[in-house]
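Step one of this worksheet: look at the structure below.
Only the coordinates and a few stated rules stand behind these numbers; no lab work does. Note that the structure is a prediction, hence the values are computed from the model and not measured. Please note: Cβ atoms are built from the backbone with ideal geometry, for glycine as well, and neighbour counts cover all protein chains shown.
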Amino acid sequence: MKTMEKVIKDAVAANKYKSGLKEVLQSAKSSKLVIVSKSLDAKDRTRLDEQAKSSGVAIYEFDGNSVQLGKLCNKPFRITAIAIKSATAAEIEAVMAEKGK
């Protein structure tokens, strides 16, 4: 969990992320990691999964809702999905390893 929070905070600080389903779908190809909240509905989640698969991007299921994900990104609004562009391969591996626990 800690690694994921750090990756999000670093990406937000460096402005190397896209938030919101529409922007995440458009930028999936150039992203390294997509994080989705539990608030994302099934239809949108399926679209995002397909886009990420075809782009070879890892998807991380955030363990909270869109309000909590928004807070983590220092935003006063809900965020259902965020695409990270700046994470290193090691950071992404660490995030995905934490997901398995």
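About the Cα centre, and with charges only on the beta carbon of Lys, Arg (+1) and Asp, Glu (-1), how big is the dipole of the chain? Nearest 20 debye, please.
Values: 19 positive and 12 negative charges, 47 e Å.
The dipole of the chain has a size of about 220 debye.
Using θ = phi - 60° and the Karplus form 6.51 cos²θ - 1.76 cosθ + 1.60, what ³J(HN,Hα) does each residue of region 33-39 get, whole Hz, x for Gly and Pro?
Coupling constants for region 33-39: 8, 10, 10, 10, 8, 6, 7 Hz.
With Cα Rg over 2.2 N^0.38 Å in mind, check (i) 1.68; (ii) 0.94; (iii) 1.07 and report the label derived from this structure.
(ii)
Using a Förster distance of 22 angstrom, determine the FRET efficiency expected from the C-beta separation of THR46 and GLU23, and round it to 0.05.
Numbers: r = 18 Å, r/R0 = 0.82.
Using R0 = 22 Å, I get an efficiency of 0.75.
Suppose we keep just the DSSP beta bridges with both residues in the chain; what percent of those would be antiparallel, to 5? Show your work: numbers first, answer last.
Values: 7 of 11 bridges.
Just about 65 percent of them are antiparallel.
Near the amide H of LEU33, under 5 Å away, which other amide H atoms are found, from residues 5 or more places off or on another chain, if H is placed in the peptide plane?
Amide H to amide H, under 5 Å and 5 or more residues apart or across chains, LEU33 pairs with ILE84.
Excluding residues fewer than 8 places away in the same chain, name every one of the lysines whose C-alpha is closer than 20 Å to that of LYS32.
Excluding near neighbours in sequence, the set is LYS2, LYS6, LYS9, LYS16, LYS18, LYS22, LYS53, LYS85, LYS99.
Under 8 Å for C-alpha pairs, at least 6 residues apart: give me the relative contact order for the chain, rounded to a whole percent.
Numbers: 161 pairs, mean separation 41.1, N = 101.
Answer for the chain is 41 percent.
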